[in-house]
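**Student:** Take this structure, written in structure tokens, and hold onto it; I'll ask about it next.
FYI, it's all coordinate maths here, none of it is from the lab. Values in this document were obtained by computation on a predicted structure and should not be read as measured data. Positions of Cβ are generated from backbone atoms using ideal geometry, with glycine treated the same way; all protein chains shown enter the neighbour counts.
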Amino acid sequence: MKKWQTQVENRRARLQRASDICGEKVVPADRMRSLLENVIEPGDRVCLEGNNQKQADFLARCLAQVDPARVHGLHMVQSVIGLPEHIELFERGIANKVDFSYSGPVGTRMAQLVADGKIQIGAIHTYLELFGRYFIDLTPRVALIVAHSADRQGNLYTGPNTEDTPTIVEATAFKSGIVIAQVNQVVDILPRVDIPADWVDFVTEAPTPHFIEPLFTRDPAQIGEVKILMAMMVIKGIYAEYGINRLNHGVGFDTAAIELLLPTYAESLGLKGQICRHWMLNPHPTLIPAIESGFAESVYSPGSELGMEDYVRARPDIFFTGIDGSQRTNRAFSHAAGHYACDLFIGSTLQVDLDGNSSTVTLDRIAGFGGAPNLGADARGRRHCQAAWLKAGRESRGQAKGMPRGRKLVVQMVETFREQMQPTFVERLDAWEFMENLGMELPPVMIYGDDVSHIVTEEGIANLLLCRTEEERNDAIRGVAGYTLVGRERSRSAVENLRDRGIIRRPEDLGIDKRMATRDLLAARSVKELVRWSGGLYQPPKRFRNW
Amino acid sequence: MEHLQFQFPGSSDRQQDKPAVLVGVVSSGNLEVLIEMAALGGGSQIHVSTKASGFAEIWEAVITDFATRHDLANLMISINDGGSTPAVVSLRLDQAMQEFLGMPS
């Protein structure tokens, strides 16, 4: 007789063993390590919550301290590998395999562990892809999650950084898994319920509040004139021309410059109400001036941002907030929104080849992708029409016959050289050598060239939609690749020909006066000025304060 | 510190009595550009002092493109560079030239 309840029975057995450690839902912090040793079985698939913002750091520490004789061979599934404890799991043999999206500052140590055979990488995913697999072939047996607070029944309040929590809990709790949450405090009454108690098995009050990183804060003081010039080109040559109103910005100084030019440069071009009205974006502090001056009308976020809590709370017409007034975020829904409901994605990268493929992989560091592959990809399943989407589709089709359709604008915004004169444009991505070294099946490409519509550098805009042959595409990319080796190998006549046809556009072709590209054009030139724009509601973390 | 020098023949020997122009500051990743008139028989000279050594070939490409973009005549241009990318150099040179041309003779 085939048994159909093995997972349910296994769950019951785990809870039985847990009751030897603690009979309550609220577990004392000092018993968490033993609880994990009793609840987790060797070879389990375990999801350790942590994104590039909030981290289940206490549970990560407890897991890194379990006895490897009892708990070993774990298969970790997690958005981000970002804490030293995540690395310790592999160094101590507690875990040996990982499927993930992004690795932060520990990327270099991770590359070493892979070389030593201590980590087997399943795959590097984009967020939505990894979340999708939680419901198909990477469903966690145990999820270790993080919330702001819990009540004694185990209801959870995530606060503004809801992020990945609902997705992880959904996949685990409804497939007979075990959900354990760390919280900053256990309280009698929660401001709101983000995760209902019957989806949560155990809660513990961590000795210190969970780690959270202000990942999306860019200090305007560090935005130079080249970025300002590029931002002017994007606003005039792309946002205005396509009428971009539904968009997502990557994280970085390039796109922060665009945000800070909306109330000044874009306003002077009469573009308020014409561009940038609806956003899928973390609450970037550099977006405050655009919100205050009436450019941005709505913002839906995958996560919040430290210091922005009171500002968001005071602007519920703009942001999504709960009945308690604070922001509610959701990474999975945001990335679905970014994929299907936005007409444009713009972001930066480390390397671009002549076909427009881009990668953030370097030989000694495993960086991962985050959301870029999903946000920076044409949504083939999209059916609703917007003017920008239709125009991009028309440009891409040219005179071709057959079924018309629109397409997403995917813009890569890069300076031709990075710091230490590292060229952004290369003949061959480092990703190829990385693939060979790691025995991967494909090079880790962040955004494929055939999804890219425009490349913007300090030299100008290359519109790849208008290129009709592979050769034209290569010439167009060389034509904006500046003084990199790839750029210097351009044919001047080919580039002039592309310029005549509007495939390459220089600042002067766009009617941009380079003398205007100064820091005076930024709506805010410092974090302090952002605070002033917010009427004192934005409270920057200490490291961004220098007054 | 690396010192580079470039010379360009001019198309005319026009003499204008314009005041010198200085734009930018020398700091990490930035540079200052000084443009002044000089009696060079129509030709122009560009002097580069840069903190970053080993990029002479790229400097030559950047400076040659700059000279092609603008009609240089009897100009002495001095560049004091704190290790800027070619993007910053080109932008600063164009800004300096626009500033210089905008000056009353």
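**Student:** Mind checking the dipole of chain A: about its Cα centre, +1 per Lys or Arg Cβ, -1 per Asp or Glu Cβ, Debye to the nearest 20?
**Tutor:** With only Lys, Arg, Asp and Glu charged at Cβ, the dipole is about 920 debye.
**Student:** Loop-only chymotrypsin sites (Phe, Trp or Tyr not before Pro) in segment A:210-301, please: DSSP not H, G, I, E or B, and at most 10 other Cβ atoms within 10 Å.
**Tutor:** Here no chymotrypsin sites (Phe, Trp or Tyr not before Pro) fit, given the DSSP loop and packing criteria.
**Student:** With r as the distance between the Cβ atoms of A:THR518 and B:GLN45 and R0 = 35 Å, compute the FRET efficiency 1/(1 + (r/R0)^6) and round to 0.05.
**Tutor:** Computed FRET efficiency for B:GLN45 and A:THR518 comes out at 0.80.
**Student:** Sticking with this one: If R₀ is 51 angstrom, what is the calculated FRET efficiency for the pair B:VAL25 and A:GLU441, using the beta carbon separation as r and rounding to 0.05?
**Tutor:** 0.55
**Student:** Still on this structure: Just want the answer: with Cβ charges of +1 for Lys and Arg and -1 for Asp and Glu, which residue in A:MET421, A:LEU522, A:GLY393 is farthest toward the dipole's positive end in segment A:220-528?
**Tutor:** Checked the options; the winner is A:GLY393.
**Student:** Still on this structure, please answer the following. At 222 nm, what helix-only mean residue ellipticity would the protein assembly as shown give, in deg cm²/dmol to the nearest 500, using -39500 (n - 2.57) for each DSSP H run of four or more?
**Tutor:** That calculation yields -8000 deg cm²/dmol at 222 nm.
**Student:** Within 10 Å of each Cβ in peptide B:79-88, how many partner chain Cβ atoms are there on average? Round it to a whole number, please.
**Tutor:** Counting Cβ atoms of other protein chains within 10 Å of each residue's Cβ and averaging gives 5.
**Student:** Using modelled backbone amide H atoms (1.01 Å from N, in-plane), which distant-in-sequence or interchain residues come within less than 5 Å of A:ASP355's amide H?
**Tutor:** none
**Student:** Over chain A, what is the relative contact order in whole percent, taking alpha-carbon pairs under 8 Å and six or more residues apart?
**Tutor:** For chain A, the relative contact order is 13 percent.
**Student:** Using only alpha carbon pairs under 8 Å that are at least six residues apart, calculate the relative contact order of segment B:2-102 and give it in whole percent.
**Tutor:** 40
**Student:** Projected area of segment A:220-528, taken from the Cα convex hull and averaged over every viewing direction, in nm²?
**Tutor:** 16.9
**Student:** Which of A:ALA257, A:THR208, A:LEU269 sits farthest toward the positive end of the charge dipole of segment A:207-276, with +1 on the Cβ of Lys and Arg and -1 on the Cβ of Asp and Glu?
**Tutor:** A:LEU269
**Student:** Calculate the length of the line joining the C-alpha centroid of segment A:330-362 to that of segment B:29-87, in whole Å.
**Tutor:** If we compute the Cα centre of each part, the gap is 37 Å.
**Student:** Taking 2.2 N^0.38 Å as the expected size of a compact globular protein, what ratio does the Cα radius of gyration of chain A give against it, to two decimals?
**Tutor:** 1.01
**Student:** How about segment A:388-483: which GluC sites (Glu not before Pro) there lie in a loop by DSSP and see at most 11 other Cβ atoms within 10 Å?
**Tutor:** A:GLU427, A:GLU441
**Student:** Determine, for each peptide in A:396-402, A:137-143, the mean count of other beta carbons within 10 angstrom over its residues, then list the peptides with the highest first.
**Tutor:** By packing density, highest mean first, the sequence is A:137-143, A:396-402.
**Student:** Sticking with this structure for a sec: Taking the Cα-to-Cβ direction at A:SER268 and at A:ASP188 and moving 7 Å from each Cα, how far apart do the two end points lie in nm?
**Tutor:** Taking the two extended label points, one gets 5.9 nm.
**Student:** Do any chymotrypsin sites (Phe, Trp or Tyr not before Pro) in segment A:107-201 lie in a DSSP loop with no more than 16 other beta carbon atoms within 10 Å, and if so, which?
**Tutor:** Loop-located and lightly packed - A:PHE135, A:PHE174.
**Student:** Rounded to the nearest 20 debye, what is the charge dipole size of segment B:2-102 about its Cα centre when +1 sits on each Lys and Arg Cβ and -1 on each Asp and Glu Cβ?
**Tutor:** 100
**Student:** Right, another one. Considering amide H positions built from the backbone, and no H for Pro or chain starts, which residues 5 or more places from B:LEU31, or on another chain, come under 5 Å of its amide H?
**Tutor:** B:VAL25, B:GLY82
**Student:** Report, in cubic angstrom per residue, the convex hull volume of the C-alpha atoms of segment A:11-205.
**Tutor:** 101
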